[in-house]
Amino acid sequence: MDKKNNIHVRRLEENIFKSLMVFSTGAIVLALALILWTVIRKGLPHLSLGMLTQAPKSGYYLGKDGGILNAILGSLYLTGGAALLAILVSLPVVLYLNVYLKKGSPLAYIARFSFDILWGIPSIVYGAFGFTIMLLFGVKSSLLGGMIAVTFLIFPIMSRSMDEVVRMVPGELMDASYALGATKLETAFKVVVRQALPGISTAVLISFGRGIGDAASLIFTAGFTDSLPTSLLAPAATLPLAIFFQFGTPMPEVQGRAYASALTLTLIILVISVAARLLTRKFTKHVV
Amino acid sequence: MMRGLAVASTLIVVLIALALFMRSKPILALKPLTTLLFSTAWHPSRGEFGFLAFIAGTLWVTLVASFIAIPVCILASIYLSEYADKRLREWIGPFIDILAGIPSVVYGMWGVLVIVPLVKNIIAPLFGGYSAGYSVLAGGLVLAVMISPVIIHISVEVLRTVPSDLKQASLALGATKWETIKFVVMKRAMPGMIAASVLGLSRAFGETIAVMMVVGNVARIPRTVFDPAYPLPALIANNYGEMLSIPLYDSGLLFAALLLLLVVIYFNVVSKMILSGSKWSLYYNG
């Protein structure tokens, strides 16, 4: 019998590849679960209320008292500010692309293409770019500097995610709005935004989650400090860098705090990510 | 005004490239490009800027990561889209996507705690080599895990666009499921898979913190995967403190950033061109 047509050989081949596939899927899921498990197992014993509600006290990096409130607040302010700035740019741009431009407009194509490219640019490059802007305007490492870099980092993520949902708004809805005498601007902000609001919120959450976890864009731009953030122009501590610096010290107590900080940051990001998902699922039910 | 904003935001890429280029001009004016790219002499305080060791480090780590991640991810995405039943798929998909959001510094920490000892105590002795653990292989392994969600997410999307008529026609002709995948599905999905891999690769290329924590950061061209390396992003991130105190150093580092930018733009344009025409549009919605 021709070997090529032997059903047993063919089945064997299928089974070999199928087990390879199961193995691959399992390996990836296992690796990701292992990361989560490592962070929880290492971080949980060191996590305490004091860590979350205090700034570092003197001798903190030698194992003395204090917490990472400076980094938590710094990260929230910095990423919150960046997300706000990014919304201010993304929303009008996305509405313009979808409401004002005709389908198949070259500008819309070029804009989406360039956002896709921006999305792929590594965050260290945004850090370096943010740094050159800061030098240009004479801004030192500060909350503001970090905010600028993170705004550039999350802008493409936010715009592309918003674009995906605004695009889904039915044309009939806009036509109905025009028929009632509304202008394009009114249609864009009162009809399209309202219809796409859940998706827009998801886009904001996703960008926030990406921004708050990024360290490389902040190394040059935000600096680091042990005090709570009070001024836009003063250096600000952030969670990813707090983890990085604490983890790099030889003191076991301080490393323990790095684990606890990592757990805190991971939890914040997971909560945001899950919330974004639930938001999409819950609200898409009631949209027209 | 909205139009102005839209046009301006389109030009950000150009703006970034231009800004980095302007800042790297001083070093480009003094050193020939070939010296910068192909010399290993790295003594910023003596005015010697040869990036070859760093470029080699980046390439090694990226290639090792791709070598591990691409086959595994393609097999996994075929499994998820063609074999796995719906319930399993609906759990694993979001699980992978959500965990993709874990920050890179946490990946790096995990790398130091788990992967570095694994390379030092188990993998290197297994192949009869010695490794301090902080090595190209450790960097590659951590990166492979980091880029997997991206590659899987896009590959699954691409596989979903293969029309089921095609599969049914092949099955009706007596092909097994695997033969259908091998000859019909893969043929159709191949460009998308390649694009997904290129995007994963470009993600690996620019990843900074996680890699920096596990590759050892020794500015020498690695000879085996057990040697340490010093990739470009790590070089930039590690030297921000002293770069303004040594002449030309900041220019050199921003030149490194420019190199990263150009390579990543190239990767992205290539994959975008491969994918253009296919239905999905969002790279990755982590």
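In the range A:12-125, which helices (runs of 4 or more DSSP H) lie fully inside it and hold 1 or more residues that are surrounded by fewer than 23 Cβ atoms within 10 Å (Cβ to Cβ) and in contact with an Asp or Glu (Cβ under 9 Å, 6 or more places away or on another chain)?
Numbers: elements: A:49-53, A:69-95, A:106-120.
Counting at least 1 such residues, we get A:49-53, A:106-120.
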Per the filter on the range B:231-248, residues within 14 Å of another protein chain (Cβ to nearest Cβ), part of a loop (DSSP other than H, G, I, E, B) and surrounded by fewer than 24 Cβ atoms within 10 Å (Cβ to Cβ) are B:Asn239, B:Tyr240, B:Gly241, B:Glu242, B:Met243, B:Leu244
Checked against (1) within 11 Å of another protein chain (Cβ to nearest Cβ); (2) at pLDDT below 95; (3) part of a helix (DSSP H, G or I), A:Ser141 satisfies every condition except (3)
Quick check: anything in the range A:44-56 in contact (Cβ under 8 Å) with a residue 40 or more places away in the chain, more than 7 Å from chain B (Cβ to nearest Cβ) and hydroxyl-bearing (Ser, Thr, Tyr)?
yes
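For residues that are over 18 Å from B:Pro222 (Cα atoms) and surrounded by fewer than 14 Cβ atoms within 10 Å (Cβ to Cβ), tally how many sit in the range B:31-45.
Restricting attention to the range B:31-45, the residues satisfying the condition of being over 18 Å from B:Pro222 (Cα atoms) are B:31-36, B:43-45.
Going one step further and asking which of them are surrounded by fewer than 14 Cβ atoms within 10 Å (Cβ to Cβ), we end up with B:32-34, B:43, B:45.
Residues that pass the stated criteria total 5.
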So A:Gly181, is it modelled with pLDDT of 90 or more and touching a Ser or Thr at 6+ places or on another chain (Cβ under 6 Å) = no
Log entry, pairs with first residue in the range A:17-31 being more than 7 Å from chain B (Cβ to nearest Cβ), second being outside any helix (DSSP H, G or I) and surrounded by 15 or more Cβ atoms within 10 Å (Cβ to Cβ), beta carbons closer than 9 Å, six or more apart or on different chains, reads none
Of all helices (runs of 4 or more DSSP H) fully inside the range B:160-219, the set with 1 or more residues that are more than 18 Å from the chain's Cα centre (by Cα) is B:164-172, B:177-180, B:186-206
Going through the range A:209-262 in order, the residues found to be closer than 16 Å to A:Asn70 by Cα, under 21 Å from the mean Cα position of the chain (by Cα), touching a residue at least 60 places away in the same chain (Cβ under 8 Å) and in a helix (DSSP H, G or I) are A:Ile212, A:Leu239, A:Pro240, A:Leu241, A:Ala242, A:Ala260, A:Ser261, A:Ala262
Selection over the range B:95-121 where residues are more than 20 Å from A:Val271 (Cα to Cα) and either more than 7 Å from chain A (Cβ to nearest Cβ) or in contact with a His (Cβ under 8 Å, 6 or more places away or on another chain) (or both) yields a count of 10
Per the filter on the range A:1-55, residues under 18 Å from B:Ile181 (Cα atoms), within 40 Å of the chain's Cα centre (by Cα) and among the basic types (Lys, Arg) are A:Lys18
For B:Phe95, the lone unmet condition from (1) under 29 Å from A:Ile243 (Cα atoms); (2) touching a helix residue (DSSP H, G or I) at 6+ places or on another chain (Cβ under 6 Å) is (2)
Subset of the range B:69-91, residues without any contact (Cβ under 8 Å) to a residue 60 or more places away in the chain and in contact with a helix residue (DSSP H, G or I) (Cβ under 6 Å, 6 or more places away or on another chain), comes to B:Leu75, B:Tyr79, B:Arg89
Of (1) in contact (Cβ under 8 Å) with a residue 12 or more places away in the chain; (2) facing chain B (nearest Cβ under 8 Å), A:Gly146 fails just (2)
Among the polar types (S, T, N, Q) and under 22 Å from the mean Cα position of the chain (by Cα): is that true of B:Ser135 in this structure?
yes
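Looking at this structure, is B:Leu141 at pLDDT 90 or above, surrounded by 17 or more Cβ atoms within 10 Å (Cβ to Cβ), more than 10 Å from chain A (Cβ to nearest Cβ) and within 27 Å of B:Asp227 (Cα to Cα)? Don't jump to the end; show me each part of the working.
Details: at pLDDT 90 or above: yes; surrounded by 17 or more Cβ atoms within 10 Å (Cβ to Cβ): yes; more than 10 Å from chain A (Cβ to nearest Cβ): no; within 27 Å of B:Asp227 (Cα to Cα): yes.
Here the answer is no, as B:Leu141 does not meet what is asked.
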Wholly inside the range B:26-134, helices (runs of 4 or more DSSP H) that include 1 or more residues that are closer than 30 Å to B:Tyr249 by Cβ and of a type in the set (A, V, I, L, M, F, W, C) are B:33-38, B:52-78, B:104-110
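With of a type in the set (Phe, Trp, Tyr), more than 23 Å from A:Thr151 (Cα to Cα), within 11 Å of chain B (Cβ to nearest Cβ) and touching a helix residue (DSSP H, G or I) at 6+ places or on another chain (Cβ under 8 Å) as the only criterion, which of A:Tyr259, A:Tyr178 stands out?
Working: A:Tyr178 fails: within 11 Å of chain B (Cβ to nearest Cβ).
Just a single option satisfies the conditions, and that option is A:Tyr259.
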In the range A:163-175, anything part of a helix (DSSP H, G or I) and more than 11 Å from chain B (Cβ to nearest Cβ) is listed as A:Val166, A:Gly171, A:Glu172, A:Leu173, A:Met174, A:Asp175
Going through (1) aromatic (Phe, Trp, Tyr); (2) over 23 Å from A:Gly130 (Cα atoms); (3) modelled with pLDDT under 90 one by one, A:Phe247 fails only at (3)
- Task: Inspect all residues belonging to the range B:265-272 and state whether any of them is out of contact with any Phe, Trp or Tyr (no Cβ under 6 Å at 6 or more places or on another chain) and under 24 Å from B:Ser39 (Cα atoms).
- Result: yes
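The values are calculated or read from the model by the stated rules, or taken from the named source; none is laboratory data. Predicted model only: the values in this text are computed from it and were never measured. Cβ sites come from the backbone with ideal geometry, for glycine too, and all protein chains shown count toward neighbours.
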